[in-house]
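Novice: This structure is in structure tokens; I'll ask about it shortly.
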Amino acid sequence: MIHNYIKTAWRNIVANKLFTTLNVAGLAIGICVCITLFACVSYELSFDRMYQNSKNIYRVNLRSSAEYNSKVWAQLPGIAGPAILQDVPQVKAMTRLIKHDFGATVSLKTGEKNFSEKGLYLADQSVFRMFGISFTEGNAQTAFSQPRSVVISESAKERLYGKGPAFGKIIYVDNKDTLHVSGVYNDLPQNSTIDCDMIYNIMDSWMGKEVYWGNSSYETYCLLQPGADVQQVQKLATALIDKNIAKKNQFFTEFLFQPLTDIHLYSADIRAGFSTRIGSIGTVKALLFLSLLVLAIACINYMNLATARSEKRAKGVGVNKVLGADKRHLLALFYTETAVLSFIAIVIGYLACFVLQPFFQNLTGIELQPAALSATPILMCLLLTWIVVTLIAGSYPAFSMSRISPLVLMNKLKIKHSVADFIRKSLVVFQFASSIILIISVIVILQQINSIRNKDLGYNPKRVVAVSIKAAQSKQQVSAFVNDLKNMASVESASLSQSIPGDLESGKAVRKLTTDNTGYPVRTCNTNGSIVKTMQLKLLAGTTIPQTLASTDTNCYLLVNESVSKYLGYKTPQDAIGNYANTEMNHHAIITGVVRDFNYESLKNEIGGYIYYITNKRTERLNTLLIRYNSHDLPGFMQQVQGAFKADLPNSNFDYEFLDTHIQNLYASEQHTASTATVFSLLAIFVACLGLFGLAASIAEQRTKEIGIRKVLGASVSGIARLLTSDFLKLVMISIVIASPVAWYIMNKWLMEFSYRINVNAWAFVIAGLMAIVFALLTISSHAIKAAIANPVKSLRSE
């Protein structure tokens, strides 16, 4: 019986090549998109679940006080972890993680080679056991048994030493620290939030020994006892704040235990985490929604095309019923046909996944390995997709056509189209409304990104390159490098600086010279006077800070932004000049200048306080040299800079970053969202147009005799074409009316994430509507014109 169903289904599929091609193409696109994005979602949801203790590991976050905007931070004071381990009974183990030099790129030297490294961490020895890190050289028990030991990943070993052994080798870090390789561990998985490439003992550094409650720099992970009450653990941990910090000095108010498996997707709004692998649950939901939407549109195409051909297949159904087929047999026949067709589409769509995988990876920004597409969950998803598509896409055609009466064979009964037509039109409206929402979303997202790119940040990031000098062995090396740069015609200005804006500055507080216990949170950056010229800051009053200081000068000189000036109580920037501010660098720091507020962080965040300063008692190092250049031959200019760097700092690795590229990377997520939405909106409308193309062909075929009669009675070609297109255009217009308020709501909600955002303009809706109308017209016009110019004699010669 099943064999006969398959043969009959295959005969019907082959006999209707146009509709088969349209259905297979639509379903294959939908399935390719659905499977690829499901693999992306599955990968994102798999983060950190490979660790044996993952269910009981928590990262401890803190909630800052109201003065610091009650934000959640991923970093704790260095003493908090040991205190929690000691005072909270349900905490079984604890480890702290902190990047070397708070995250600045490290210059490594081994043998005669120099390398740059961004994944050098300090950690407690318990990190190996807590995360189950396996070793290929050495072992976890003895990894830190000797002072100044470091363990490195397999990929780091290959980068530094090739295929040979690394155990016992020496690594020089920033030409200041000497570490001995005491172990090599297997690379941590790509779906691990912990992304260390090298780890050395935190107790070998002042970062592990000089710990106190007054800072916030350490990621802290706790392993809880199985079945521990997390709320009770949080309560006991939070009690340590009042126990160890006076109320007036508390810059945080609460400890929050975040499950390890939640960190990747639920940390987008958490400040100051070290991992480079932070995703977004919003992105995952959007990908799921888009994949299901495209698949739903493809299923709708099948339903529409199948029901549109009901008249043509009515006699076949009637013959089957006369020969004894009941409703159950006909349902099986139509479901079999859908199953065969969807199986073909799934095979084509699945193979396309592998071909298009690199494209989707670049599009979404999610690192997806080809092996992920053949994983068991994906294969199970394929089977489930086949079943669901068969049931959903085949449901309405099967039930509607199985009810056809055998009286159609005698032309005694006309098929009632009212319900079928209504459902078909509703589905077309759904398809185009979905496509229009996506198009409007793309336009708004691109507008917002363009607004961000063109916004005046308060400084000029273009033509500025930041070169790391933190591995310099002496001040003389740095001075020689700066002097060589100044002799280059393409260099306009160069400034030694602690950091580029919004990257590795210090978080401190400035206070009024009155009774001010809490102060105002600010970013501080150690630099010199040329910073105004290099960054092209807008100086509102006073002058920049000094370029150099006499060795006997004990003052600290400040260049503050407007926000700091206003906090200190000055009505105008000029009023602040020459006055003192109470800072953590110096209690009597002199304000020499005030600059306009500038966006040193993402435009998602509001501008806060910012201070550039210079003092002989520097508490932060000058790690970066900012160079403003005017060369139009960028490769040639960078070769010059690199040549001078290698001549003056021979034992350091040349590491640099363009400031405008750094700014663009702040919005990588939004750029991926825009690209993904653009492609999926085009795919959605393309699949919808495939269905519209088939519907137009079917309806033109059904109305062949009507068109012939109209032509005989004098109807023009344009009139007939207008007749055939008007019904479809009405559906598109209804889609526009439905889609517009929905898109407006969705995009206004998305824009709320930005402190600086555009308004949703009406022309975005006009463009989306016109695009939908144009696509629809292009799709159905060929059938309309072909039917309109057909010879009416051929149309009317047969009954």
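The values are calculated or read from the model by the stated rules, or taken from the named source; none is laboratory data. In this text, all values refer to a predicted model and were calculated from it rather than measured experimentally. Cβ atoms come from the backbone with ideal geometry, glycine included; neighbour counts cover every protein chain shown. Keep in mind that these areas ignore ligands, DNA and RNA; they rest on the heavy atoms of the full protein, side chains included. Shrake-Rupley method; radii C 1.70, N 1.55, O 1.52, S 1.80 Å.
Novice: Quickly run through the stretch 587-598 and pick out the residues that are in a loop (DSSP other than H, G, I, E, B) and touching a strand residue (DSSP E or B) at 6+ places or on another chain (Cβ under 6 Å).
Specialist: Across the stretch 587-598, the qualifying residues are His588, Arg596, Asp597.
Novice: Which of the numbered conditions does Phe775 fail, given that it passes all the others? Conditions: (1) exposed (fewer than 14 other Cβ atoms within 10 Å of the Cβ); (2) modelled with pLDDT of 80 or more.
Specialist: (1)
Novice: Of all residues in the stretch 162-174, which are open to solvent by 40 Å² or more (accessible area, probe 1.4 Å) and touching a strand residue (DSSP E or B) at 6+ places or on another chain (Cβ under 7 Å)?
Specialist: Matches in the stretch 162-174: Pro165, Phe167, Gly168, Lys169, Ile170, Tyr172.
Novice: Shifting gears a bit: Looking at Pro650, is it without any contact (Cβ under 8 Å) to a residue 60 or more places away in the chain and over 37 Å from the mean Cα position of the chain (by Cα)?
Specialist: Yes: the conditions hold for Pro650.
Novice: Follow-up. With respect to Arg628, determine if the residue is charged (D, E, K, R) and open to solvent by less than 30 Å² (accessible area, probe 1.4 Å).
Specialist: On the way: charged (D, E, K, R): yes; open to solvent by less than 30 Å² (accessible area, probe 1.4 Å): yes.
It is true that Arg628 is charged (D, E, K, R) and open to solvent by less than 30 Å² (accessible area, probe 1.4 Å).
Novice: Can you confirm whether the stretch 517-532 contains a residue that is under 22 Å from Ser497 (Cβ atoms) and part of a helix (DSSP H, G or I)?
Specialist: Scanning the stretch 517-532 turns up at least one residue that is under 22 Å from Ser497 (Cβ atoms) and part of a helix (DSSP H, G or I).
Novice: Just to check your reading of the model, which residue among Leu260, Leu179 is without any contact (Cβ under 8 Å) to a residue 40 or more places away in the chain, more than 24 Å from Tyr68 (Cα to Cα) and open to solvent by less than 30 Å² (accessible area, probe 1.4 Å)?
Specialist: Only one candidate passes the filter, namely Leu179.
Novice: Could you list, in sequence order, the residues of the stretch 1-28 that are modelled with pLDDT under 65 and outside any helix (DSSP H, G or I)?
Specialist: The one that is modelled with pLDDT under 65 and outside any helix (DSSP H, G or I): Met1.
Novice: Considering only residues that are of a type in the set (D, E, K, R), under 26 Å from Pro89 (Cα atoms) and more than 26 Å from the chain's Cα centre (by Cα), which ones fall in the stretch 193-223?
Specialist: Hits for the stretch 193-223 are Lys209, Glu210.
Novice: Give me a count of the residues in the stretch 438-473 that are on the phi < 0 side of the Ramachandran plot, in a loop (DSSP other than H, G, I, E, B) and open to solvent by 40 Å² or more (accessible area, probe 1.4 Å). First the steps, then the outcome.
Specialist: Going residue by residue through the stretch 438-473, those that are on the phi < 0 side of the Ramachandran plot are 438-457, 459-462, 464-473.
Then drop every residue that is not in a loop (DSSP other than H, G, I, E, B), which leaves 455-457, 459-462, 469-473.
Now narrow it down to the ones that are open to solvent by 40 Å² or more (accessible area, probe 1.4 Å): 455-456, 460, 462, 473.
Residues in the stretch 438-473 being on the phi < 0 side of the Ramachandran plot, in a loop (DSSP other than H, G, I, E, B) and open to solvent by 40 Å² or more (accessible area, probe 1.4 Å): 5 in total.
Novice: Sticking with this structure for a sec: How many residues does the stretch 337-369 contain that are under 27 Å from the mean Cα position of the chain (by Cα), open to solvent by less than 70 Å² (accessible area, probe 1.4 Å) and in contact (Cβ under 8 Å) with a residue 12 or more places away in the chain?
Specialist: 12
Novice: Further, regarding this structure: If I go through the stretch 375-387 residue by residue, how many of them are in a helix (DSSP H, G or I) and open to solvent by less than 60 Å² (accessible area, probe 1.4 Å)?
Specialist: Of the residues in the stretch 375-387, 4 are in a helix (DSSP H, G or I) and open to solvent by less than 60 Å² (accessible area, probe 1.4 Å).
Novice: Applying the selection to the stretch 211-244, what residues are open to solvent by 70 Å² or more (accessible area, probe 1.4 Å) and not in a helix (DSSP H, G or I)?
Specialist: Tyr212, Gln225, Pro226, Gly227, Asp229
Novice: Looking only at residues in the stretch 95-117 that are in contact with a strand residue (DSSP E or B) (Cβ under 6 Å, 6 or more places away or on another chain) and more than 19 Å from Phe274 (Cβ to Cβ), which one is surrounded by the fewest Cβ atoms within 10 Å (Cβ to Cβ)?
Specialist: Phe115
Novice: If a residue has to be among the polar types (S, T, N, Q) and under 24 Å from Ser426 (Cα atoms) to count, how many in the stretch 730-761 make the cut? Step through it out loud before you land on a result.
Specialist: Of all residues in the stretch 730-761, those among the polar types (S, T, N, Q) come to 735, 740, 748, 755, 759, 761.
Keeping just the survivors that are under 24 Å from Ser426 (Cα atoms) gives 735, 740.
Residues in the stretch 730-761 being among the polar types (S, T, N, Q) and under 24 Å from Ser426 (Cα atoms): 2 in total.
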